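Report on one structure; see the data block that follows.
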Amino acid sequence: MAKVELKGIGKVYDGDVRAVDNANITIEDREFVVFVGPSGCGKSTTLRMVAGLEDITEGELYIDGEIMNDMPPKDRNIAMVFQNYALYPHMTVYDNMAFGLKIRKTDKAEIERRVKEAARILDIEELLERKPKALSGGQRQRVAVGRAIVRNPKVFLFDEPLSNLDAKLRVQMRAEISDLHHRLKATMIYVTHDQIEAMTMSDKIVVMKDGKVQQIGSPMYLYNHPINKFVAGFIGSPPMNFLTVKIIEKGGKIIADEGSFELYPTEEQAKHLKAYVGKEVYFGVRPEDMVYSKTPAENNNMQLQCSVVEPLGAETHLYLKSKTQTLIARTEPENKFQVGDTANFSPLMEKTKFFDKDTEGNICEVVKSE
C-alpha cells in the first residue's frame, strides 16, 4: 500500500475563493484516516485533490514518495467510493465491478478471480447477476466498494459513502468498512461530516473548518485534548457544553463565576487562569462529566432547572438551564426527572476545559496535533 503526504496543499477557485488553506497531513501506510468537519469545511475538496479530480493550486501531494500534482487520476493507483454509488444501471453487478479492469485490458481469468474474491469478501456472491435497480442501498454500496477492491489500489478514498443509508444500515456498514480495512491492511482516507463515524472507524482524525486543518490526532486524543473550542464541540456526542464564566479571585482562590454558581478550577487550571482574572472565558464540560447529586455538593454545585427530558433507554439526556445559559447532562435512567425540576450537578473539574473568549484556544493545556 502507500504513504500519502499533503505538504502545504491549497485550493483556490475563481474569484479568489479559498476552499483549502495550507493543509499539512501525513497518512501513514495502512492507516485509516478520517477527514471530518461541517459542510463547506474543505474535506471533500481535499480528498478530490488526492484523487486528482481537483487541480492543486498550492503545495505538493506525494503518494509513496512520488509527487502527484500533475499525475492524471488513472495513473495514481487510487480507487474512490462515492456518496451516490455511481453504478452503471444497465450493467450487472459483475460487470460493474469488472468494468475498470476491462478498460485496462486485464486478462479475463484475472478479472473473474478478482471480482469473485471481492464478492466473497463483501458477501455479495449471490448478487453478481443482478442489476443495480434490484439491489437495496446497502447492497449498492457494497458493490461500489467491491469495484474499488478489484482495482487493488495503493489508496482507497471514501467520500461520505454512508450518508444515503438509513441509521441502522449506517451502523452495519461502519463495522463492515472497518473490518475490511483490517482484512485488506490498506491505506484508507474517509470523508464524513459525522463525528461518530470518525470516532468509531479511524486510526487518526483530521478536523477541518473553513478550509483549515484545526487538529490531527487519534480519536481519544482529540476527545481528551482538543486544541480549541471548535474541536472540543465537534468531537463527542452529545457535544461539549460551553458556558461563559468570569474569572475572579476571592480569598486567594481563582474562581470561575457563572453568575448563578461558582466553580473552583483545579490547581493546574488555576495557574493558567490567573492571567484571566477580571475577564470572561468559555468553560467547557462534557455531558458525561456532569455528576448528579440529590443534595447540593459542598463545592462546584450547579443548581439547574430541567427544561427537556430525553429518555434513551440506557441513559437519559437532560437539558438544563441556569439563569441565563443552557447545557446538557447525561445521567442514569434510574434518576427520574420531570420538566421544571431543580437538579444539582457537579462537573468533574479535572476533565473540564477553559477556552479563550477571543482566540477560542485551549487555555490550560499546551495541545498540538499528534
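If only one of E258, E249 is surrounded by fewer than 19 Cβ atoms within 10 Å (Cβ to Cβ) and under 33 Å from the mean Cα position of the chain (by Cα), which one is it?
One residue alone meets the criteria, E258.
Here are some residues: M220, M208, M199. Which one is buried (at least 22 other Cβ atoms within 10 Å of the Cβ) and either modelled with pLDDT of 95 or more or of a type in the set (A, V, I, L, M, F, W, C) (or both)?
None of the others qualify; the one that does is M208.
Report yes if S293 is free of Cβ contacts under 8 Å to residues at least 40 places away in the same chain, farther than 17 Å from K357 by Cα, touching a strand residue (DSSP E or B) at 6+ places or on another chain (Cβ under 6 Å) and hydroxyl-bearing (S, T, Y), otherwise no.
In short, no.
Do any strands (runs of 3 or more DSSP E) entirely within the stretch 292-370 hold 1 or more residues that are within 24 Å of the chain's Cα centre (by Cα), and if so, which? Outline the logic, then answer.
On the way: elements: 302-311, 316-321, 326-331, 342-347, 353-356.
Of the strands (runs of 3 or more DSSP E) lying wholly inside the stretch 292-370, those with at least 1 residues that are within 24 Å of the chain's Cα centre (by Cα) span 316-321, 326-331, 353-356.
Any residue that is aliphatic (A, V, I, L, M) and part of a helix (DSSP H, G or I) - is there at least one of those in the stretch 155-166?
No: the stretch 155-166 contains no residue that is aliphatic (A, V, I, L, M) and part of a helix (DSSP H, G or I).
With V12, V115, V33 as the choices, which residue is surrounded by 20 or more Cβ atoms within 10 Å (Cβ to Cβ), in contact (Cβ under 8 Å) with a residue 12 or more places away in the chain and in a strand (DSSP E or B)?
Answer to the check: V33.
Count, please, the residues in the stretch 178-202 that happen to be over 20 Å from N77 (Cβ atoms) and not in a strand (DSSP E or B). Give the derivation first.
Let us first name the residues in the stretch 178-202 that are over 20 Å from N77 (Cβ atoms), namely 178-179, 182, 192-202.
Now drop any that are not not in a strand (DSSP E or B), which leaves 178-179, 182, 193-202.
Looking only at that region, the number is 13.
Out of everything in the stretch 15-27 that is in contact (Cβ under 8 Å) with a residue 40 or more places away in the chain and charged (D, E, K, R), what residue ends up being surrounded by the fewest Cβ atoms within 10 Å (Cβ to Cβ)?
Among residues in the stretch 15-27 that are in contact (Cβ under 8 Å) with a residue 40 or more places away in the chain and charged (D, E, K, R), the one surrounded by the fewest Cβ atoms within 10 Å (Cβ to Cβ) is R18.
Okay, residues lined up against (1) free of Cβ contacts under 8 Å to residues at least 40 places away in the same chain; (2) out of contact with any Gly (no Cβ under 9 Å at 6 or more places or on another chain); (3) surrounded by fewer than 17 Cβ atoms within 10 Å (Cβ to Cβ):
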| residue | (1), (2), (3) |
| --- | --- |
| R286 | no, no, no |
| N299 | no, yes, yes |
| L318 | yes, yes, no |
| A343 | no, yes, no |
| S346 | no, yes, no |
| F355 | no, no, no |
| V366 | yes, yes, yes |
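The values are calculated or read from the model by the stated rules, or taken from the named source; none is laboratory data. Quick caveat, the model's predicted, so the values are computed rather than measured. All Cβ positions, glycine included, derive from the backbone under ideal geometry; neighbour counts span all protein chains shown.
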